[in-house]
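Scroll down for the structure; my scribbles are underneath it.
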Amino acid sequence: MSGAPHRFQGHTAVKAARSLPVPQAQRKWAGSGLTAAALAVLVVAHLVALDSTEFQPALLVDGAQGMGKFVAEAFPPDLDWERVLKPSLEATLVTLWIGLLGTTLSVPTALLLAVLASTTSTPHPLAYQSARAVLSFFRAVPDVVFALIFVTAVGLGPFAGVLALICHNTGVMGKLWAEAMEESDQGPVQALATAGASRLQQTFHATIPLVVPQFVGLLLYRFDVNVRSSLVLGLVGAGGVGLLINQAIKSFQFDTMLTHIIVVLVLIVLVDQASALIRRKLA
């Protein structure tokens with residue numbers, strides 16, 4: 001019997017030894033080792049990327065003369081009203097309209113998919129997974145690819161650009177809105193659920209009203225992005241001032257190209273200022 005207490009104390013000592021915390025020095029060593037390994041992987045990834053992309057700054061130095069010639073031919077910009085400036089302003093307005101319609105016309109579909117893709121409002125797990133898959137597809141396909149598809153379907157022009165932005169913007173805004181709904185305060189939703197409200201009533205009377213400011217802010221942000229994107233879409237035939245820039249480059253009219261770029265720059269600044277003003281009013 002006298003050995004039992006010793007055996008018990010020994011067992012207790014073993015358990016205590018097993019539960020001892022890891023020394024701080026050992027934790028620091030493990031953390032530094034993990035950091036060093038991550039940095040090594042990052043360095044190797046950059047080396048592989050530099051080799052795969054044929055990144056050679058020396059070529060840029062060698063081409064400085066050609067770049068200088070390009071800039072010299074672009075300045076001063078061609079400001080002829082009838083031949084350059086007036087068509088540039090008209091095409092820039094078309095670019096603005098493409099960005100506007102591509103943003104606003106995607107709202108209904110984006111909102112529907114956001115409701116289905118949010119864990120707080122979706123009616124069924126299958127609807128959740130399906131909506132997430134659709135949003136992922138629309139986000140994964142670049143708007144330029146959509147533009148090429150729609151140019152083939154409906155022909156050259158701004159309509160193809162609008163359709164391309166609607167598809168891509170639906171995926172982006174739907175994802176952002178779904179995340180905003182999931183992060184919203186669930187207190188009002190639970191109160192309506194306790195009162196016997198349906199899932200649809202909870203969504204449209206509690207969840208969505210709470211996130212309207214986030215919805216508007218994200219919508220304005222996407223409008224800024226879509227105006228810029230519509231410029232790129234014009235380069236593939238989807239209308240707007242991008243088409244004029246592409247034509248000027250192909251015909252080596254670099255002074256005309258510079259005029260179009262300046263007009264676009266003014267448009268982008270105005271859109272940024274208008275969006276910032278609206279966001280300040282809503283804050």
- [ ] Compare P125, P142, P87 in a GNM of the chain, Cα atoms joined below 10 Å, and give the one with the largest fluctuation.
- [x] P125
Task: Å² per residue, accessible surface of the chain at 1.4 Å - done: 61 Å²
Open item on the list: What distance in nm lies between label points placed 7 Å from Cα along the C-beta direction at Y221 and I278?
Closed with: 1.5 nm
TODO: Compute the distance in nm between two label points, each set 7 Å from the Cα along the Cα-to-Cβ direction, one at L93 and one at V212.
DONE: 3.3 nm
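What share of Cα pairs, in percent, lie more than 29 angstrom apart in the chain?
In whole percent, the share of Cα-Cα pairs in the chain beyond 29 Å is 59.
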Task: Choice from A110, A91, A153 with maximal GNM fluctuation in the chain (Cα, 10 Å cutoff) - done: A153
Task: Cα convex hull of the stretch 114-169 - mean projected area over all directions, nm² - done: 4.1 nm²
Open item on the list: With n ≥ 4 as the cut-off for DSSP H runs, can you work out [θ] at 222 nm for the chain, using -39500 (n - 2.57) per run divided by the number of residues, rounded to the nearest 500?
Closed with: -26000 deg cm²/dmol
- [ ] Take the alpha-carbon centre of the stretch 136-206, take the same for the stretch 63-100, and report the distance between them in whole Å.
- [x] 34 Å
TODO: Mind grabbing the accessible area of L243 for me, 1.4 Å probe, Å², rounded to tens?
DONE: 60 Å²
Task: the chain: most fluctuating residue of E54, E183, E82 per GNM, C-alpha cutoff 10 Å - done: E54
- [ ] Compute, for K86, the solvent-accessible surface of its heavy atoms (probe 1.4 Å) with the complete set of protein chains present, and express it in square angstrom to the nearest 10.
- [x] 80 Å²
Task: Heavy atoms of L113: accessible area, 1.4 Å probe, square angstrom to 10 - done: 20 Å²
- [ ] Just the number, please: carbon plus sulfur as a percent of the accessible area of the chain, 1.4 Å probe, no ligands or DNA/RNA counted.
- [x] 71 percent
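Relative contact order for the stretch 158-264: what percent, with Cα pairs under 8 Å and sequence separation of 6 or more?
28 percent
The values are calculated or read from the model by the stated rules, or taken from the named source; none is laboratory data. Owing to the predicted nature of the structure, the values given are computational and were not obtained by experimental measurement. Glycine also receives a Cβ, built like all others from the backbone with ideal geometry; neighbour counts cover every protein chain displayed. Quick note on the areas: whole protein, heavy atoms, side chains included, nothing else; ligands and nucleic acids left out. Shrake-Rupley method; radii C 1.70, N 1.55, O 1.52, S 1.80 Å.
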